[in-house]
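The values are calculated or read from the model by the stated rules, or taken from the named source; none is laboratory data. Not measured: the values here are computed from a predicted model. Positions of Cβ are backbone-derived with ideal geometry, glycine not excepted, and every protein chain shown enters the neighbour counts. Only protein heavy atoms, including side chains, enter the accessible area calculation; ligands, DNA and RNA are left aside. Shrake-Rupley method; radii C 1.70, N 1.55, O 1.52, S 1.80 Å.
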Amino acid sequence: QVQLVESGGGLVQPGGSLRSSCAASASISVFNAMVWYRQAPWKQRELVAHMHSAGRINYANSVRGRFTISRDNAKNTVYLQMNSLKPEDTAVYYCWVVVSPSDYWGRGTQVTVSS
């Protein structure tokens, strides 16, 4: 069983930055994939950034060039650096990891972009 705890959300003005963290209760070096999703009110959950264990990274078109996913194996933490935030980035951001054959979700952290 892997516990995931997200943090680092908050209220920020358009154009601002936030860094969200996903702290895992197990070594992330064995994770097959680490993914950030988000879900805005009345919308489906969407993939934001995906990091494969081999290092391959993919981003949603809507965040490419503005968001960066990274990891710190020593801290068992995955990060999502969010720059040039827009009101449409407002959502609950969730961390999802795959440790084959299982997968785990965090409870999410709220990001609100508003002036």
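What percentage of all Cα-Cα pairs in the chain are separated by more than 26 Å? The answer is 13 percent, as a whole percent. Counting only protein heavy atoms and using a 1.4 Å probe, the accessible area of Tyr59 comes to about 50 Å². Contact order for the stretch 1-107, expressed relative to its length and based on alpha carbon pairs under 8 Å spaced 6+ residues apart, stands at 35 percent. Label zone of Ser100 (point 7 Å out along Cα→Cβ, amide N under 20 Å): in the stretch 1-19 this covers 1-2. Taking 0.36 nm per residue of sequence separation and removing the Cα-Cα distance, the Arg45/Asn61 pair yields an extension gain of 4.3 nm. Here the Debye sum runs over all C-alpha atoms of the stretch 1-47 as equal scatterers in vacuum, and log10 of I(q)/I(0) at q = 0.13, 0.14 Å⁻¹ comes out as -0.43, -0.50.
When a 1.4 Å probe is rolled over the protein heavy atoms, the share of accessible surface on the chain that falls to carbon and sulfur comes to 48 percent. Shape class of the stretch 67-108 from the alpha-carbon gyration tensor: oblate, with a/c at 1.5 or above and b/c at least as large as a/b. Placing +1 on the Cβ of every Lys and Arg and -1 on the Cβ of every Asp and Glu, with no other charges, gives the chain a dipole of roughly 140 debye about its Cα centre. All other residues whose Cβ lies under 15 angstrom from that of Ala24 are scored, Lys and Arg at +1 and Asp and Glu at -1, for a net of 0. Going by accessible surface with a 1.4 Å probe and the largest first, Asp103, Asp89 read Asp103, Asp89. Considering only the other residues whose Cβ falls under 11 Å of the Cβ of Asn83, what net charge follows from Lys and Arg at +1 and Asp and Glu at -1? So the environment of Asn83 carries a net charge of +2.
Skip the ligands, DNA and RNA, and give the accessible area per residue of the chain with a 1.4 Å probe, whole Å².
Here the residues of the chain average 53 Å² of exposed surface.
Only protein heavy atoms count here; on that basis, with a 1.4 Å probe, Trp105 has an accessible area of about 110 Å².
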